Every structure is written in structure tokens, then in C-alpha cells.
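This report refers to the structure that appears directly beneath it.
Read-outs: derived from the displayed coordinates by stated rules, not from any lab. Just so it is clear, the model here is predicted, and its values are computed rather than measured. Glycine also receives a Cβ, built like all others from the backbone with ideal geometry; neighbour counts cover every protein chain displayed.
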Amino acid sequence: MKKRAVSVILAGLMAASLAACGSSSSSGASTTAATEAATTAAGLNATFPPFEYVGDGTDTFDDITSNEGNVTGFDVAMMNEIGKRIGVTVEIEDMDFDGIIPALGSKIDVAATGMTITDERKESVNFSDPYYDATQSVLVSEDSTIATEDDLKNASAIGVQAGTTGETVARGINDAATVSVKSFNQAVADLVNGKNDAVILDQVPAEAFATSYSGQLKVLDGSQFNFDTEQYGIAMPKDDEVMLNAINGALAAMKADGTYDTLVEQYISSYSAE
Ligand code: ARG
């Protein structure tokens, strides 16, 4: 339902290219729909600071109409800005990370959730142009002796979030010790409580968690473990070229006019734990 509304309004905005690309929306329908407020549901998992996490409620976003649980962070601000530029209002859906791709095209229209662009995921979804470079890292307690991949091979519990690239990395190193949970908050809490020996997750979120548990955790750089470079993209249903072009256009414009850098500065560089 929502997906169609979004496609139709984007089609209205992009009427010229629409004729050429053969979208299923008729031009009559787009003219009508373009005058209505269109909503796009953006899926994310809000246990991934500073990209998405539950805030204290002081952050509001003018183009986000529904945000149960006061989710904030870079991806939320980015989607707010994209929504404004393509003429849709955004509704935030906080959900399990491993449920996000299956929900694309039904419960949600897009996913902005620090999702790494991978060949496997590209088989089922479209990704926007990359918007952030990342790498996996290893979060351990401050007094841990873990420092190398061999140490991880001897670990008894490595926490990861189900469905993430960190899970794939952990299973590749030590499948038997890999403990998959639905939320990074849980994986990190288990580390602080001594149930996990390490958590494998993206480096910037790892640093954010280390800030929250000040003095208790340290981040081991991904380069120490030869982890690959990753890039985040906004995921959307595979058949929606109109949406893909609209989102890429908005992203490029945000990069060109400095808005993108301002959001990075505001939400990533200046992140401080709440
Ligand atoms: N970048 C990693 C991946 O794509 C982790 C993303 C997790 N995101 C989240 N919001 N929990 O698998």
C-alpha cells in the first residue's frame, strides 16, 4: 500500500523520466496522488548508535510524521532530509535487523539502517549509492587480552546481531562460539556482564557503545583483524527504479550542497552517549 503511494508520488515528481522507464503508474494517477501527502515507511533497527538509537525525545524531525520510541541518529536525519527533497513524509519503523529485508515492499518502503551493501543482499533488494564507509571491529572489555584472530578462535562467546555482516565474520572465525541475538544493546550488555568475550560490530557503533560504557570497554580496530571495507546503502524493493533514482538524486544533492557533511558532523562526529 504505502509502497505504491510512494512510487506514485515519485512518479509524479519525475514525470519526464517516467515515460521513458516504463513504470506501471499511469500519468493520470500520479497527477492525482501528487497532491496528496505521501508517506514512506523507513525500517531500521535502533540499537546502532550513532546511526539509529532510542534518543531522549528532544530530537524531532520535521518530515518524520511517526516515530514511536523517539528513534534518532544519522540515518533518521538523512531520511528526514531525503523525504523533504523528494516530497514524502517519513514514518520510522523500529524492527529486528534480520526482519528488515523480508519486510521491504510490504511493511516498509525503504531501509536506512547502516546496512552494508553486499552481493548477497543485492540479489533481493536495490541499494542506493553508498553513503558511508565502514568496517567491522571487535569490542572487548577494557581488561581483555583478546588482540588477534587467533584469540577469537579460542574465545567461548562472541556476541553478534543476527543477520549482520558482523555475524558472518564471527561465524567465519569461530562458528561454535558465535552467539547471535536480536539487538546490539543486548550483545553489548552481555559483554559488560561477562557473558560474551567480545562483540563483532561496525567500528563507529562500537566506539559509540564504548562511550556509553565509559572505562569498561575498548574497541579493537578492524585493520588488526584484516576485516574488509564495507559501505552502507539505503535498501529498497528491487523493482522500484523510480524510487532508486529519486533517492540517489537527493543523496547527491545533499552531498553537493554540504547538507550531508553537516549531518555527519552533527550526528556522527559529535555523538555523545545519552
Ligand atoms: N553494517 C552491518 C550490516 O549491514 C550491521 C548493520 C546493523 N544495523 C543496525 N541498525 N542494527 O550487516
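Take 85-93, 194-202, 43-51, 61-69 and order them by the average number of nearby Cβ atoms within 10 Å per residue, most first; the result is 43-51, 194-202, 85-93, 61-69. For the stretch 106-203, what does the alpha-carbon gyration tensor say about shape, rounded, prolate or oblate, given a ≥ b ≥ c as the root eigenvalues, a/c under 1.5 as rounded, and a/b over b/c as prolate? In terms of gyration-tensor shape, prolate.
In a reduced charge model with +1 at each Lys and Arg Cβ and -1 at each Asp and Glu Cβ, the chain shows a dipole moment near 760 debye about its Cα centre.
Taken about its Cα centre, the stretch 155-212 carries a charge dipole of roughly 120 debye when the Cβ of each Lys and Arg holds +1 and the Cβ of each Asp and Glu holds -1. Applying a threshold of 30 Å to the alpha-carbon distances of Lys218/Lys255; Lys84/Lys107; Lys182/Lys255; Lys122/Lys218; Lys122/Lys182 flags Lys218/Lys255; Lys182/Lys255; Lys122/Lys218 as lying beyond it. Helix 74-86 and the long axis of the chain differ in direction by around 10°, with both axes built from C-alpha atoms. Per-residue ellipticity at 222 nm, computed for the chain from helices alone with -39500 (n - 2.57) per DSSP H run of at least four residues, works out to -10500 deg cm²/dmol.
Under 5 Å from the amide H of Val71 lie the amide H atoms of Gly55, each residue being 5 or more positions distant or on a separate chain, with H modelled from the backbone and absent for Pro and chain starts. Computed over the chain, the convex hull of the alpha-carbon atoms projects to a mean area of 14.3 nm². Available extension along the chain between Ser212 and Asp143 is 23.2 nm, counting 0.36 nm per residue and deducting the alpha carbon span. The GluC sites (Glu not before Pro) found in the stretch 125-220 that occupy coil by DSSP, while having at most 14 further C-beta atoms within 10 Å, are Glu142. With a simple spin-label model that places each label point 7 Å from the Cα along the Cα-to-Cβ direction, the separation between Ser183 and Asp239 comes to 3.6 nm. Both radii are taken from the alpha-carbon atoms of the stretch 123-162; with Rh as the Kirkwood radius, Rg/Rh is 1.14. On full extension, the segment bounded by Ala103 and Lys195 gains 30.0 nm, given 0.36 nm per residue less the C-alpha separation. Seen against the Cα atoms of the chain and their longest principal axis, helix 241-256 is set at about 70 degrees. For the chain, the longest principal axis of the alpha carbon atoms and the long axis of helix 203-212 meet at an angle near 70°. The length gained on full extension between Lys255 and Asp228, counted as 0.36 nm times the residue separation minus their Cα-Cα distance, comes to 7.2 nm.
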